[in-house]
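The values are calculated or read from the model by the stated rules, or taken from the named source; none is laboratory data. Everything numeric in this text was worked out from a predicted model, so none of it was measured. Note that we place each Cβ from the backbone using ideal geometry, even for glycine, and neighbour counts take in every protein chain shown. Just so you know, the surface numbers come from the protein's heavy atoms only, side chains and all, with ligands and any DNA or RNA stripped out. Shrake-Rupley method; radii C 1.70, N 1.55, O 1.52, S 1.80 Å.
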Amino acid sequence: MPKILIQREKKEFVPELDRKVTVTKGRQYFVADSSRDFSTSLGNIKAKDMNAKDGATVKSTQGKDFVILSPTFIDLYKRLRKLPQSIILKDIGLILAETGVDKDSLVVDAGTGSGALSGFLAHLVKQVTTYEIREDFIENIKENFKLMGLKNIKVKQGDITKGISEKNVDLVTLDMPEPWEAVENSAKALKIGGFLVSYSPHTTQVQKFVKEVAKDPSLQILKTVELIERPWVIDEQRSRPDNAGIGHTAFLTFVRKIS
Ligand SMILES: C[S@@+](CC[C@H](N)C(=O)[O-])C[C@H]1O[C@@H](n2cnc3c(N)ncnc32)[C@H](O)[C@@H]1O
């Protein structure tokens, strides 16, 4: 059974700096098999200690404290093996919020890539079908879906621009270099009231996609947005945006099938 080990972060006051500094980083480890001892750079954790209940503190052989947790979906999701660039959480969040998909929704997605978006969607909706043109990505995708424990997701190896066999779907997501080539098939697959979302890093792609959507009177363009996430540093002395942050990821264009 997998487990998460989290070391508690520790801060101490350093008089020379006149402030508290982190003396122990809150390191986190993923234990794939808790029936065996697990080694960290701060000593081993005994298998018998990993049976402790969630939130319990256990000691490593070097006397360091670790908190034990059972992994949830997000812990498993963060272990995905990423081959092509994957969509990131801030953008997944916006897709979920703007389309309102839920446990009854049917979703079609392309290209699967590493399965980050399609896997997250499958965790929340009824059924996902995801298309991936690259045969050499399929094995990794299946491994990633297995890791996330998903059973309601079907991978189709093929080109989505050649056709979508699913009908009456609530959402089509396109994260591929030429999303405009899949607009016609997406419109046929969507139910009235369903959403089409395209995710593209370049404005030139967005323009081509929007131009293609505009040709179909059954589709209405809602908006194109870029979502900026800005982490902040907050402690006793500081309260300011972090020096490091997430830069540009992609533009999201939201479209609805209205007739
Ligand atoms: C940026 S990745 C997608 C990442 C994915 N959304 C994720 O979160 O892991 C783009 C993928 O689209 C695939 N692709 C490109 N054109 C395609 C097409 N016509 N049909 C299906 N997949 C396609 C590529 O092979 C690549 O794996």
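Is at least one residue of the range 51-66 more than 16 Å from the ligand (Cβ to nearest atom), under 26 Å from Leu190 (Cβ atoms) and open to solvent by 20 Å² or more (accessible area, probe 1.4 Å)? Within the range 51-66, not a single residue is more than 16 Å from the ligand (Cβ to nearest atom), under 26 Å from Leu190 (Cβ atoms) and open to solvent by 20 Å² or more (accessible area, probe 1.4 Å).
When the range 167-179 is limited to residues that are within 17 Å of the chain's Cα centre (by Cα) and part of a loop (DSSP other than H, G, I, E, B), the one that is nearest to Asp109 (Cα to Cα) turns out to be Asp175.
Any idea how many residues of the range 180-193 are outside any helix (DSSP H, G or I) and of a type outside the set (A, V, I, L, M, F, W, C)? Steps first, please.
First, the residues of the range 180-193 that are outside any helix (DSSP H, G or I): 190-193.
Narrowing the set further to residues that are of a type outside the set (A, V, I, L, M, F, W, C) leaves 191, 193.
Here the count works out to 2.
Based on this model, can you work out whether Phe195 counts as of a type in the set (Phe, Trp, Tyr), farther than 21 Å from Lys90 by Cα and buried (at least 20 other Cβ atoms within 10 Å of the Cβ)? Steps first, answer last, please.
Working: of a type in the set (Phe, Trp, Tyr): yes; farther than 21 Å from Lys90 by Cα: no; buried (at least 20 other Cβ atoms within 10 Å of the Cβ): yes.
So Phe195 fails the test.
When you scan the range 143-153, how many residues do you find that are within 14 Å of the ligand (Cβ to nearest atom) and surrounded by fewer than 15 Cβ atoms within 10 Å (Cβ to Cβ)? Within the range 143-153, residues that are within 14 Å of the ligand (Cβ to nearest atom) and surrounded by fewer than 15 Cβ atoms within 10 Å (Cβ to Cβ) number 1.
Being surrounded by 14 or more Cβ atoms within 10 Å (Cβ to Cβ) and closer than 21 Å to Ala97 by Cβ is a condition met by at least one residue of the range 176-187.
When each of Gly119, Gly158, Gly111 is tested for being touching a residue at least 40 places away in the same chain (Cβ under 8 Å), open to solvent by 10 Å² or more (accessible area, probe 1.4 Å) and within 12 Å of the ligand (Cβ to nearest atom), the lone residue that passes is Gly111.
Contact map, the range 128-150: first residue free of Cβ contacts under 8 Å to residues at least 60 places away in the same chain, second residue open to solvent by 100 Å² or more (accessible area, probe 1.4 Å), Cβ cut-off under 6 Å, separation 6 or more or different chains; pairs are Thr129/Lys154; Asn140/Arg81. Just to verify a result, which residue in the range 123-142, among those that are open to solvent by 20 Å² or more (accessible area, probe 1.4 Å) and away from the ligand (no atom under 12 Å from the Cβ), is nearest to Pro71 (Cα to Cα)? Filtering first and then ranking leaves His123.
For the range 203-221, filtered to residues that are in contact with a strand residue (DSSP E or B) (Cβ under 8 Å, 6 or more places away or on another chain) and exposed (fewer than 14 other Cβ atoms within 10 Å of the Cβ), the residue that is nearest to Glu12 (Cα to Cα) is Thr203.
Count of the range 222-259 residues, restricted to those that are within 24 Å of the chain's Cα centre (by Cα), surrounded by 12 or more Cβ atoms within 10 Å (Cβ to Cβ) and either of a type in the set (Phe, Trp, Tyr) or part of a strand (DSSP E or B) (or both), is 10. Listed by first and then second residue, the pairs linking a residue in the range 57-84 that is in contact (Cβ under 8 Å) with a residue 60 or more places away in the chain to a residue that is open to solvent by 40 Å² or more (accessible area, probe 1.4 Å) and among the β-branched types (Val, Ile, Thr), with Cβ atoms under 6 Å apart and 6 or more places separating them unless they lie on different chains, are Val67/Ile6; Val67/Thr57. Checked against (1) part of a loop (DSSP other than H, G, I, E, B); (2) within 16 Å of the ligand (Cβ to nearest atom); (3) under 20 Å from the mean Cα position of the chain (by Cα), Ile164 passes all but condition (3).
Contact annotation: residue pairs with Cβ atoms under 6 Å, 6 or more positions apart or on different chains, pairing a residue in the range 173-185 that is on the phi < 0 side of the Ramachandran plot with a partner that is more than 9 Å from the ligand (Cβ to nearest atom) and part of a helix (DSSP H, G or I), are Pro179/Phe209; Trp180/Lys208; Trp180/Phe209; Trp180/Glu212; Val183/Glu212; Val183/Val213. Scanning the range 39-88 for residues that are part of a loop (DSSP other than H, G, I, E, B), hydroxyl-bearing (Ser, Thr, Tyr) and within 30 Å of Tyr199 (Cα to Cα) returns Thr72, Ser86.
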